[in-house]
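Structure, as structure tokens:
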Amino acid sequence: MEVFFIRHGETECNRLGIVQGCGIDSDLNENGWLQGKSFFDRYQDHGFELVITSHLKRSIQTVSHFASLGIPFLQDTRLREIGWGEHEGKAGEPELMEKYHRIIQCWASGQYEARPHGGESAEELGKRVSDFAGDLLKRPEKKILVCTHGRTLRALICRLNGQPLSDMEKIDQKNTGLYRFIRHPERWQMVESHNTLHLQATTRIHV
């Protein structure tokens, strides 16, 4: 099995530094649509047998061009972004930023039960992405494209690589950045990490 994991394209909230989480269902902005089209142009001939997204619009829209090829689409709510609780829809407030960095530091030190007020813990996120990865192995398709969200993708990569969730902050990512995995009999192998070459197709796309 070969699986391509990408983060969704840019939204206006991304551009403005506004936290979305799973509670803000943003559309892609113009640049995000360009990023998605650029990814499609580069990988449309790869032979994907299935596209899996979260239920959030920015995830679905990013890979929507693949529907023109007749490829089946599947939505899985376990791929949704982490719930950021009181941070969602906000950006830059000093008190909230202090709380945000405190939570990130807790996760980096292995305190996975820490959560934003009204939000989700890294422990909960890790469980649902592990469940998703386990079910992925039961799929009959051999070439799959998965489009998800920033924090969720970081947790997925940690799980597939056998890394602790405390390594999430070490994983670089940008909108539509690609991570490609091959499944061997007993393990996943990451063969591409943070590939953004498709974004160099036009100068209008931010890399």
Query raised in the report: Within segment 88-112, how many residues turn out to be acidic (D, E), farther than 20 Å from G23 by Cβ and surrounded by 11 or more Cβ atoms within 10 Å (Cβ to Cβ)?
Result: 0
Report task. Give the residues of segment 134-161 that are aliphatic (A, V, I, L, M) and buried (at least 18 other Cβ atoms within 10 Å of the Cβ), sorted by residue number. Result -> L136, I144, L145, V146, L153, A155, L156, I157, L160
Query raised in the report: Does segment 177-190 contain at least one residue that is out of contact with any strand residue (DSSP E or B) (no Cβ under 7 Å at 6 or more places or on another chain), outside any loop (DSSP other than H, G, I, E, B) and aromatic (F, W, Y)?
Result: no
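Here's the yes/no breakdown for (1) modelled with pLDDT of 95 or more; (2) of a type outside the set (S, T, Y); (3) more than 21 Å from the chain's Cα centre (by Cα):
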| site | (1), (2), (3) |
| --- | --- |
| P72 | yes, yes, no |
| Q75 | yes, yes, no |
| R78 | yes, yes, no |
| E81 | yes, yes, no |
| H87 | no, yes, no |
| E93 | no, yes, yes |
| Y100 | no, no, no |
| S109 | yes, no, yes |
Query raised in the report: In this structure, does H55 turn out to be of a type outside the set (D, E), modelled with pLDDT of 95 or more and crowded, with 23+ Cβ neighbours inside 10 Å?
Result: no
Query raised in the report: With respect to N195, is the statement that it is under 14 Å from A133 (Cα atoms), in contact with a strand residue (DSSP E or B) (Cβ under 7 Å, 6 or more places away or on another chain) and modelled with pLDDT of 95 or more true?
Result: no
Query raised in the report: Restricting the search to segment 43-87, which residues are charged (D, E, K, R) and assigned to a loop (DSSP other than H, G, I, E, B)?
Result: D45, E49, D76, R80, E81
Query raised in the report: Listed residues L165, L160, L178; which is at pLDDT 95 or above and within 23 Å of N31 (Cβ to Cβ)?
Result: L178
Query raised in the report: If you take the residues of segment 162-201 that are free of Cβ contacts under 8 Å to residues at least 60 places away in the same chain and of a type in the set (D, E, K, R), which of them is surrounded by the fewest Cβ atoms within 10 Å (Cβ to Cβ)?
Result: E186
**Report entry** Output for segment 14-32, where each listed residue is without any contact (Cβ under 8 Å) to a residue 40 or more places away in the chain, buried (at least 18 other Cβ atoms within 10 Å of the Cβ) and not aliphatic (A, V, I, L, M)
**Finding:** S26, N29
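Every residue, every condition in (1) outside any helix (DSSP H, G or I); (2) more than 30 Å from E2 (Cα to Cα), yes or no:
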residue	(1), (2)
D41	no, no
G89	yes, yes
Y100	no, yes
H117	yes, yes
E123	no, no
K127	no, no
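The values are calculated or read from the model by the stated rules, or taken from the named source; none is laboratory data. Everything numeric in this text was worked out from a predicted model, so none of it was measured. Note that each Cβ is placed from the backbone with ideal geometry, even for glycine, and that neighbours are counted across all protein chains shown.
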